[in-house]
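This report concerns only the one structure given below.
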Amino acid sequence: MAEFTFWIVVGITLGSAFMVVQSKNLVYSAYALLFSFIGVTGLYVFLWADFIAVVQVVVYVGGILILIIFGIMLTNKITSVNISHASVQKKVGAVAVLGMAFLLGYMVISTPWVTLANVEPAETTAAIGRLLMMDYLLPFEVASLLLLGALIGATTLSRKED
Amino acid sequence: MTVDMLIDWFATLGDFPVLAFILAVVISGIPLFLVMALNAMVAVYVERKVSAFMMDRLGPMGQGPGLHAGKWGLLQTVADAIKLLVKEDTVPESSDKILFKMAPFIIFIGAFLGLAAVPFSQTLQVVDFNVGVFYIIAVGSIGVIGIVMAGWASNNKWSLYGAMRSAAQIISYEIPAGLSIIVPVMMAGTLNLQELIHYQSGTVWGILPNWIIFNNPFSFIAFFIFFISAIAETNRTPFDIPEAESELVAGWMTEYSGFRWAIFFLSEYANMLIVSGLAVAGFLGGWRSPIPGLFDSGAWGLFWFMGKIASLIFVMMWVRWTFPRLRVDQLMHVCWKVFIPIAMINIFGVGIWKLIFG
């Protein structure tokens with residue numbers, strides 16, 4: 001059963017990811033990204049990472065994807081439905097893709113993977129909270145400062161001079 | 001725990017995991033859909049009547065079938081449902097056909113997924129997540145994608161403006177709503193909706209039930225911020241600028257008719273049910289009785305939970321027919337400059353309160 005669902009989730013993720021890069025219509029690409037993100041959520045669920053799965057939906061579906069679509073809608077005239085993007089620099093792209101695939105493949109093969117028993121672990125939220133607030137407090141604060149800086153910067157840039 | 005319990009039960013009958021999984025999902029999904037449909041039907045009738053009484057009108061009335069709309073206008077609901085089912089389903093020539101047809105389903109899925117985690121009673125809950133609160137907030141954002149999709153695919157300026165206003169509004173108000181629901185989560189120390197409700201047993205200040213809203217001044221304020229943000233998230237008046245009739249015809253729903261529009265309608269009322277459910281579970285004691293210890297067990301849980309949800313939905317209708325619509329700039333002002341600072345002070349205050357009083 002779990003295997004059956006797993007392959008469906010993988011199919012959704014990869015199929016819609018392929019749609020994202022293959023579709024000529026930018027809006028279709030953005031909406032295909034929705035299904036890809038939801039597929040990745042499913043993969044997190046298979047890893048028993050309940051909290052990360054929900055964060056994936058909140059951040060990627062609820063935040064980033066809406067911003068992307070918002071940007072497309074703002075920059076495009078409503079009358080021109082067709083926004084297309086073509087492939088450029090195919091040779092350099094092919095080299096980059098092959099290099100990346102080789103690196104990832106080498107990583108997958110060379111990593112000594114640990115197989116865990118298929119049992120539900122204890123709640124992850126408490127552990128994540130404890131780690132964020134104690135062991136990784138400094139990176140956490142630095143990341144939030146960075147985000148705050150980005151927020152203020154975006155406001156300053158988009159604001160008209162009074 | 002319904003889905004898990006059903007799957008376990010099917011497993012005892014025989015070894016057919018795929019079929020058992022599908023059966024369990026269908027068996028727990030159909031009642032949810034019935035709840036959605038029933039909720040929309042009742043709420044539409046109540047909304048008609050409540051709005052009529054607020055405006056000193058009579059609303060749907062009649063002396064019997066054939067004359068008007070039945071006793072107290074009860075048949076009005078039936079007429080509405082039949083009209084929505086048989087009305088012609090129009091798809092504009094210049095629209096983006098695929099996205100136009102897909103949008104209602106995305107919005108419906110968003111509402112339906114949220115309903116799956118609502119704790120209707122001690123045992124009546126489709127999935128008992130350990131991150132339930134967060135989950136409901138998360139799937140709520142899927143609906144926004146559907147709204148933007150509908151607005152863009154309609155290829156209509158009113159639809160597009162409505163969709164963009166809606167996206168801006170819902171994203172903005174998700175922040176104060178999320179920051180306020182952190183208050184009960186901090187106090188109970190859990191994201192699980194059932195454990196959150198279990199935390200709210202007993203009494204506080206002597207007589208009041210130990211609901212989180214009565215626990216301390218910060219949570220009292222947090223409830224109101226959450227509830228107002230929840231009204232904004234469901235796109236209802238006074239926060240209905242995405243479908244402002246006087247400016248945008250019907251906003252992002254302008255081009256929709258028939259059953260596709262009915263799905264929007266169903267989802268809007270289901271969203272009211274979900275956000276009220278979250279408010280009730282987080283602040284108002286969930287399925288606990290208002291008088292501690294009295295009728296506080298078994299099926300009474302369902303009664304109290306639905307009763308509290310119905311009261312909150314009534315307040316939403318009350319607000320809708322009492323206040324005028326906010327302007328866009330007022331809407332953003334309230335969210336970013338009033339609610340978010342207060343919500344952050346609330347989190348800080350509750351943290352201190354929990355340190356001092358335990």
Seminar exercise, completed: Considering residues that are closer than 10 Å to B:ALA167 by Cα, at the interface with chain A (Cβ under 9 Å from one of its Cβ atoms) and among the β-branched types (Val, Ile, Thr), the number found within the stretch B:137-151 is 3
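Hey, any hits in the stretch B:281-290 for a residue that's without any contact (Cβ under 8 Å) to a residue 12 or more places away in the chain, part of a helix (DSSP H, G or I) and either not charged (D, E, K, R) or not assigned by TED's automatic domain parsing to the domain that holds B:PHE223 (or both)? Working first, answer last.
If we filter the stretch B:281-290 for residues that are without any contact (Cβ under 8 Å) to a residue 12 or more places away in the chain, which is where we start, we get none.
For the stretch B:281-290, residues without any contact (Cβ under 8 Å) to a residue 12 or more places away in the chain, part of a helix (DSSP H, G or I) and either not charged (D, E, K, R) or not assigned by TED's automatic domain parsing to the domain that holds B:PHE223 (or both): absent.
Identify, from the list B:THR90, B:THR77, the residue that is more than 16 Å from A:GLY62 (Cα to Cα) and more than 25 Å from the chain's Cα centre (by Cα).
B:THR90
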For this session: Tell me which residues, restricted to the stretch B:125-136, are out of contact with any Leu (no Cβ under 6 Å at 6 or more places or on another chain) and either without any contact (Cβ under 8 Å) to a residue 60 or more places away in the chain or away from chain A (no Cβ under 14 Å) (or both).
Result: B:GLN125, B:VAL126, B:TYR135
Exercise. Within the bounds of the stretch B:138-146, is there any residue that is in the same structural domain as B:SER246 (by TED's automatic domain parsing) and more than 27 Å from B:PRO31 (Cβ to Cβ)?
Worked result: no
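Anything in the stretch B:295-316 that is farther than 19 Å from B:VAL35 by Cβ and either loosely packed, with under 15 Cβ neighbours inside 10 Å or touching a residue at least 40 places away in the same chain (Cβ under 8 Å) (or both)? List them, or say none. Steps first, answer last, please.
Filtering the stretch B:295-316 for residues farther than 19 Å from B:VAL35 by Cβ gives B:295-298, B:315.
Within the stretch B:295-316, B:PHE295, B:SER297, B:GLY298, B:VAL315 qualify.
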Problem set entry | Subset of the stretch B:116-141 [part of a helix (DSSP H, G or I), of a type in the set (A, V, I, L, M) and more than 18 Å from B:ASN235 (Cα to Cα)] | B:VAL133
For this session: Mind counting the residues in the stretch B:152-208 that are more than 11 Å from chain A (Cβ to nearest Cβ), outside any helix (DSSP H, G or I) and crowded, with 19+ Cβ neighbours inside 10 Å?
Result: 1
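Which one of B:LEU32, B:LEU38, B:LEU13 is in contact (Cβ under 8 Å) with a residue 12 or more places away in the chain and not basic (Lys, Arg)? Can you show your working first?
Working: B:LEU38 fails: in contact (Cβ under 8 Å) with a residue 12 or more places away in the chain; B:LEU13 fails: in contact (Cβ under 8 Å) with a residue 12 or more places away in the chain.
Matching residue, one of B:LEU32, B:LEU38, B:LEU13: B:LEU32.
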Problem set entry | Breaking point among (1) assigned to a loop (DSSP other than H, G, I, E, B); (2) out of contact with any Ser or Thr (no Cβ under 7 Å at 6 or more places or on another chain); (3) farther than 26 Å from B:PHE339 by Cβ, for B:GLU255 | (2)
Exercise. When you scan the stretch A:6-28, how many residues do you find that are without any contact (Cβ under 8 Å) to a residue 12 or more places away in the chain and either surrounded by 15 or more Cβ atoms within 10 Å (Cβ to Cβ) or of a type in the set (Ser, Thr, Tyr) (or both)?
Worked result: 2
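Answer yes or no: is there a residue in the stretch B:135-143 that is touching a Ser or Thr at 6+ places or on another chain (Cβ under 8 Å), buried (at least 20 other Cβ atoms within 10 Å of the Cβ) and polar (S, T, N, Q).
We begin by selecting, within the stretch B:135-143, every residue touching a Ser or Thr at 6+ places or on another chain (Cβ under 8 Å); these are B:143.
Those left that are additionally buried (at least 20 other Cβ atoms within 10 Å of the Cβ): B:143.
Checking which are polar (S, T, N, Q) leaves us with none.
The answer is no, given that none of the residues of the stretch B:135-143 is touching a Ser or Thr at 6+ places or on another chain (Cβ under 8 Å), buried (at least 20 other Cβ atoms within 10 Å of the Cβ) and polar (S, T, N, Q).
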Problem set entry | One residue from B:TRP300, B:TRP252 being assigned by TED's automatic domain parsing to the domain that holds B:ILE98 and under 20 Å from the mean Cα position of the chain (by Cα) | B:TRP252
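Quick grid of which residues meet (1) modelled with pLDDT under 90; (2) loosely packed, with under 10 Cβ neighbours inside 10 Å; (3) out of contact with any helix residue (DSSP H, G or I) (no Cβ under 9 Å at 6 or more places or on another chain); (4) under 24 Å from B:GLY140 (Cβ atoms):
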| site | (1), (2), (3), (4) |
| --- | --- |
| A:ALA32 | yes, no, no, yes |
| A:PHE35 | yes, no, no, yes |
| A:GLY42 | yes, no, no, yes |
| A:SER80 | yes, yes, yes, no |
| A:PHE102 | no, no, yes, no |
| A:THR115 | yes, yes, yes, no |
Exercise. Taking the condition touching a residue at least 12 places away in the same chain (Cβ under 8 Å) and under 22 Å from B:PHE112 (Cα atoms), does B:ARG260 pass?
Worked result: yes
Exercise. Is the stretch B:98-120 home to any residue that is modelled with pLDDT under 85, touching an Asp or Glu at 6+ places or on another chain (Cβ under 8 Å), within 10 Å of another protein chain (Cβ to nearest Cβ) and under 27 Å from A:ALA53 (Cβ atoms)?
Worked result: no
Problem set entry | Options B:LEU75, B:LEU58; residue that is touching a strand residue (DSSP E or B) at 6+ places or on another chain (Cβ under 6 Å) and at pLDDT below 85 | B:LEU75
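The values are calculated or read from the model by the stated rules, or taken from the named source; none is laboratory data. A quick note: this is a predicted structure, and the numbers were derived from the prediction, not measured. Positions of Cβ are backbone-derived with ideal geometry, glycine not excepted, and every protein chain shown enters the neighbour counts.
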